[in-house]
Amino acid sequence: MLIRPNPKPSESLESYMIRLADLYGYTPKQLIERFHIILDEADQKLAGVLPAHLWLLNIYHANTSSSYRIECLELLAEKMCKGRLPILELAVSRSKTRYASNHGSLIWRGLDIPRFFVRKNCIPICPACFAESEKPYVPFYWHLHVVRTCTLHDCKLVERCPNCSAPLNYMRTGNLQSCFCGTAYKSMPIEPAHQALKNLSAKIQEEKLDSAPSVNLLFDLEDIHQLFGAVLWFYTYVAERGSERTISDKSLIECIHFFDQWPKNFNNLMEDKVGTAIMLTDRRFSETSLQSVFGNLLITSRRLPDNALCFNPVLKAVFSYLDYCIHTEGEQSEIGYVLLNGFEVAAILDADAEQVARLVDEGKLRSAKRLKNDAIFNPKHPLFPLKNVFNIWLSRFQSRLSNRHIYLSRW
C-alpha cells in the first residue's frame, strides 16, 4: 500500500480512510482487516487494538488507553507508504481541558472542542459540495453541532435523507456517495441558510464573515475557544428546564441573539432573577443561598475554558454584575449577603475546595454560621456571605490577569 491520497482541507479521519479504501478497491471494513494483518505481523500486542468498525476508529473512542491507538496509527503510517501518512494530524484525541462545570473536550488540530458539540448519530452533508467534486470528502467541521451550514455554498447542511428520513451518517454507510437507501448525496435538495448560522459557521472555521452584527460577543472574540465556552455556557445555564437544550437551528439562533449587545441581555437576565427572588423569598437574603437566586451561575461560568477575567468574557460579566449588586443601594444590595458554598467561593478566588478549607481553618474566611470545632468542612453547604468573599478576593486573590479594573473603569 504505497499509494495514498492527499488529505483535503480540514478532512475528517473517517472520510480519509474511506477514500483510501476506495483507492485500493476495498470497503472500509476490508481496509481495517488489512490493518489488523499489518499490525499482527509488526507487533502482536497491537493486533487487537483497532476496532472492527470505521466509526470507532478515531483515537478518542479508545476505551482503555489512547496511547496504544496512537501507536497503531503511527505504525500503520510507517508500514503503508513511503512518506508519512497524515493520520495523526487528522485524528481526534481526548483533551484534559474542562469546560464549564464538568464538560470534557476533544482536541483536533490544536482546538479543544467541548464534547457536547460533537455529533454522534448524524453527520450532515452539503449536496452542492458532493455535486461539484468527483472525489468528495467530509470536513471534520461537519461533525460539530454548532456548524449548521456550508460556508462555500451558503446553504444548510442536510441531516436527514429526503426519501427515507433516516439520519445521514457516512461513517455507517462506509461510502461518500449515498444514504443507506441509495439516494445520492449530490441529488438531495438544498435550502438557504440563516445568516446568523452562516456567520457562526464561518467564525468557527476562521473564515471571513460577510455581514456580522455590529455588536455581538461571539463574533468579536478572537479565540475560538472563548466562543466555544460562551455557546456552551448558554446551553448549560441560560437554556433552563422547559426550553430547548439540544443544539438545533432554532436554539442556536436564540443563542447567537442572546449575545447581541453584550452584556445587555445578560444583565437583563440577572435582573429578572433578582426580581423574582425579591418577590418570592420568604426569608432574609442572609439566610438564602446564591444558588437559590442565580442557580449554578458561578460554577458554569468558571472554565470557558479559562478562569482569567480578561480571557473569559462571561465570568467577567458575572463579576461585574455581582460587584454592582454588592455596592448599589436599595433592595438589590441585599444580594451581597447571600451565602456561597465552598465550590462557589473557589470559583471567585480561582482556587479549589482544599484551599478554601485551609482559609476556613486559618480563620481568613469566616462563615455566617458557627461551625463546631470537630466539624469537617463540607464545600456543598452555603456558609459564606458573597460580600465577604468578594472583599477577600479584592484584597488577597487578584492577579494581573484577573483583577477588578478589567471590568470597572478607572476614575
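The values are calculated or read from the model by the stated rules, or taken from the named source; none is laboratory data. No experiment lies behind these values; they were computed from the predicted model shown. Because the Cβ atoms are built from the backbone with ideal geometry, glycine has one as well, and the counts that use them run over all protein chains shown. For the accessible areas, the whole protein counts, side chains as well, though only heavy atoms, and no ligand, DNA or RNA atoms are used. Shrake-Rupley method; radii C 1.70, N 1.55, O 1.52, S 1.80 Å.
So Leu383 fits all but one of (1) out of contact with any Lys or Arg (no Cβ under 7 Å at 6 or more places or on another chain); (2) surrounded by 12 or more Cβ atoms within 10 Å (Cβ to Cβ); (3) not basic (Lys, Arg); what number is the exception?
The failed condition is (1).
I'd like the residue in the range 97-124 that is in a strand (DSSP E or B) and in contact with an Asp or Glu (Cβ under 9 Å, 6 or more places away or on another chain) and, out of all such residues, is farthest from Ala193 (Cα to Cα).
As a first pass, look at the range 97-124 and keep what is in a strand (DSSP E or B): 97-99, 103-108, 111-114, 118.
Going one step further and asking which of them are in contact with an Asp or Glu (Cβ under 9 Å, 6 or more places away or on another chain), we end up with 97, 99, 105-106.
Working: Thr97: 32, Tyr99: 29, Ser105: 28, Leu106: 27 Å.
Among residues in the range 97-124 that are in a strand (DSSP E or B) and in contact with an Asp or Glu (Cβ under 9 Å, 6 or more places away or on another chain), the one farthest from Ala193 (Cα to Cα) is Thr97.
Give the range 35-65 a look and list any residue that's loosely packed, with under 13 Cβ neighbours inside 10 Å and under 28 Å from the mean Cα position of the chain (by Cα), or say none.
Asn63, Thr64, Ser65
So which residues in the range 125-136 are closer than 18 Å to Arg160 by Cα and outside any strand (DSSP E or B), if there are any at all?
Within the range 125-136, Cys126, Pro127, Ala128, Cys129, Phe130, Ala131 qualify.
Looking only at the range 146-158, which residues are outside any strand (DSSP E or B) and buried (at least 19 other Cβ atoms within 10 Å of the Cβ)?
Scanning the range 146-158 gives Val146, Val147, Arg148, Thr151, Leu157.
For the range 394-403, does any single residue satisfy the condition of being open to solvent by 20 Å² or more (accessible area, probe 1.4 Å), closer than 22 Å to Glu287 by Cα and either small (Gly, Ala, Ser) or out of contact with any Leu (no Cβ under 7 Å at 6 or more places or on another chain) (or both)?
No.
Give me the pairs: first residue in the range 291-309 and closer than 12 Å to Ala347 by Cα, second residue of a type in the set (D, E, K, R) and open to solvent by less than 10 Å² (accessible area, probe 1.4 Å), beta-carbon distance under 8 Å, and six or more apart or on different chains, which are they?
If the second residue must be of a type in the set (D, E, K, R) and open to solvent by less than 10 Å² (accessible area, probe 1.4 Å), the pairs left are Leu298/Glu344; Ile299/Glu344.
Collect the residues in the range 318-373 that are aromatic (Phe, Trp, Tyr) and open to solvent by 30 Å² or more (accessible area, probe 1.4 Å), keeping them in residue-number order. Give the steps one after another, and end with the answer.
Initial filter on the range 318-373 (aromatic (Phe, Trp, Tyr)): 319, 321, 324, 337, 343.
Across the range 318-373, the qualifying residues are Tyr324, Tyr337, Phe343.
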